[in-house]
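Participant: Before I ask anything, let me first share the structure, which is written out below as structure tokens.
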Amino acid sequence: MAKPFQFKANDVKVEKRETVFQGFFRMDKLWLTHPRFDGRDMPVFTRELFIRGDATCVLPYDPERDEVVLLEQFRLGALGRDQSPWLLELVAGMNEDGESPEEVAQREGQEEAGLTFEPLEKICDYLVSPGGSTEMIHLYCGRVSTEDAGGLYGMEHEHEDIRAHVVSSDDAIAMIHDGRINNAAAIIALQWLELNRARLRQGWQ
């Protein structure tokens, strides 16, 4: 029985690559081939690739109050579906050149929610949609105090309009189960919290 990961990046041959769109984001078109599992070579085929930088997301959690901070804001990608396009999400931001994910986490915590994380615990890194996008998410949980959390935030020149909500962990997890929270980073982080909550409440105090 063959084991997974028999192929590596250098098994892919890119015959041609060109940028077909350059705006706020970039789209490239690639002509490529790679070996098949049955031993043959794949004929040259084309794919469009959405070039988007990595991002960092943080679930702010207060282990003493057992509360999280979730951010409500408008998301264009949710428009036109049978739901509100205002989503409940994590603190998040794009990684700039030279910034570590931890630095992005602290910057965005201040800009989007007025929060500082101490400590930050890594949850995972994951590819958002590897069939057509380069974006990787660096996901964390950060300890905060929710005593004075909440309110309106966002960088106006970036057209951000954010309301930070303080929510009990039980209520946040329930919103996953009933579908009110349906974005990947928040689902993964809150499910991780559900598994690690007792440890955090004991170890972070």
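Participant: Using amide H atoms built in the peptide plane, which far-off residues or other-chain residues are under 5 Å from TYR140 H to H?
Facilitator: Amide H neighbours of TYR140, under 5 Å, 5+ apart: CYS57, VAL58, LEU59, ILE123.
Participant: What residues have an amide H closer than 5 Å to that of GLU160, excluding those fewer than 5 places away on the same chain, when H is modeled at 1.01 Å from N in the peptide plane?
Facilitator: Counting only residues 5 or more places away or on other chains, the set is MET155.
Participant: Express as a percent, rounded to the nearest 5, the fraction of DSSP beta bridges in the chain (both residues included) that run antiparallel.
Facilitator: Values: 42 of 50 bridges.
If we restrict to bridges inside the chain, about 85 percent are antiparallel.
Participant: Over region 155-203, average the accessible area per residue using a 1.4 Å probe and give it in Å², no decimals. Walk me through the intermediate numbers first.
Facilitator: Details: 2960 Å² over 49 residues.
The answer is 60 Å² per residue.
Participant: Further, regarding this structure: Distance between the C-alpha centers of region 122-158 and region 27-100? Whole Å please.
Facilitator: One Cα centre to the other: 11 Å.
Participant: Go ahead and run the numbers for FRET between ASP125 and ARG199, Cβ-Cβ distance against an R0 of 22 Å, rounding to 0.05.
Facilitator: Details: r = 21 Å, r/R0 = 0.94.
The formula returns an efficiency of 0.60 here.
Participant: Enumerate the calculated ³J(HN,Hα) couplings along region 139-148 in order (Karplus 6.51 cos²θ - 1.76 cosθ + 1.60, θ = phi - 60°), each rounded to whole Hz, writing x wherever the residue is Gly or Pro.
Facilitator: 10, 9, 10, x, 6, 9, 9, 8, 4, 10
Participant: Right, something else. Quick one: which residues, 5 or more positions from GLU67 or on another chain, have an amide H under 5 Å from its amide H? H modelled 1.01 Å from N in the peptide plane, none for Pro or chain starts.
Facilitator: Counting only residues 5 or more places away or on other chains, the set is ASP62, SER169.
Participant: Okay, moving on. Using a Gaussian network for the chain with springs between C-alpha atoms less than 10 Å apart, which of these wobbles most: VAL128, VAL91, VAL68?
Facilitator: VAL128
Participant: Continuing with the same structure: Within the chain, what's the longest run with no chymotrypsin sites (Phe, Trp or Tyr not before Pro) in a DSSP loop and at most 12 other beta-carbon atoms within 10 Å? Give the range, please. The partial results should precede the final answer.
Facilitator: Values: sites that count: PHE5, PHE7, PHE24, PHE25, PHE37.
For chymotrypsin sites (Phe, Trp or Tyr not before Pro) (loop position, at most 12 other Cβ atoms within 10 Å), the longest site-free span of the chain is 38-205.
Participant: Something else now. Can you work out the PRE-style zone for MET42? Point 7 Å along Cα to Cβ, and I want the residues of region 122-160 with backbone N under 12 Å.
Facilitator: 131-132
Participant: Specify the longest stretch of the chain that does not include any exposed loop site, a site being one of the trypsin sites (Lys or Arg not before Pro) with a non-H, G, I, E, B DSSP assignment and at most 13 other Cβ atoms within 10 Å.
Facilitator: Values: sites that count: LYS8, ARG36, ARG40, ARG75, ARG81.
By the stated rule (loop sites, at most 13 other Cβ atoms within 10 Å), 82-205.
Participant: Under unit Cβ charges (Lys, Arg +1; Asp, Glu -1), what dipole magnitude, rounded to 20 debye, does the chain have relative to its Cα centre? Please report the intermediate quantities before stating the final value.
Facilitator: Details: 22 positive and 37 negative charges, 263 e Å.
Dipole magnitude for the chain comes out near 1260 debye.
Participant: Do you know the relative contact order of the chain, to the nearest whole percent, from alpha carbon pairs under 8 angstrom that are 6+ apart? Could the numbers behind the result be given before it?
Facilitator: Values: 388 pairs, mean separation 41.5, N = 205.
Relative contact order here is 20 percent.
Participant: If you don't mind, another one. Under 19 Å from the Cα of LYS29, which lysines turn up, not counting those fewer than eight places away in the same chain?
Facilitator: LYS13, LYS16
Participant: Is it possible to state the helix-based mean residue ellipticity at 222 nm for the chain, with each DSSP H run of 4+ residues giving -39500 (n - 2.57), the sum divided by total residues, to the nearest 500 deg cm²/dmol? What is it? Intermediate values should be presented prior to the final figure.
Facilitator: Details: 3 runs with 42 residues, N = 205.
The helix-only estimate for the chain comes to -6500 deg cm²/dmol at 222 nm.
Participant: Compare SER84, SER169 by solvent-accessible area with a 1.4 Å probe and give them largest first, with all protein chains kept in place. Walk me through the numbers on the way to the answer.
Facilitator: On the way: SER84 60, SER169 0 Å².
Greatest to least solvent exposure: SER84, SER169.
The values are calculated or read from the model by the stated rules, or taken from the named source; none is laboratory data. Source: prediction; values computed, not measured. Counting neighbours? That spans all protein chains shown, and the Cβs are built from the backbone with ideal geometry, glycine included. Calculation scope for accessible area: heavy atoms of the full protein, side chains included, ligands and nucleic acids excluded. Shrake-Rupley method; radii C 1.70, N 1.55, O 1.52, S 1.80 Å.
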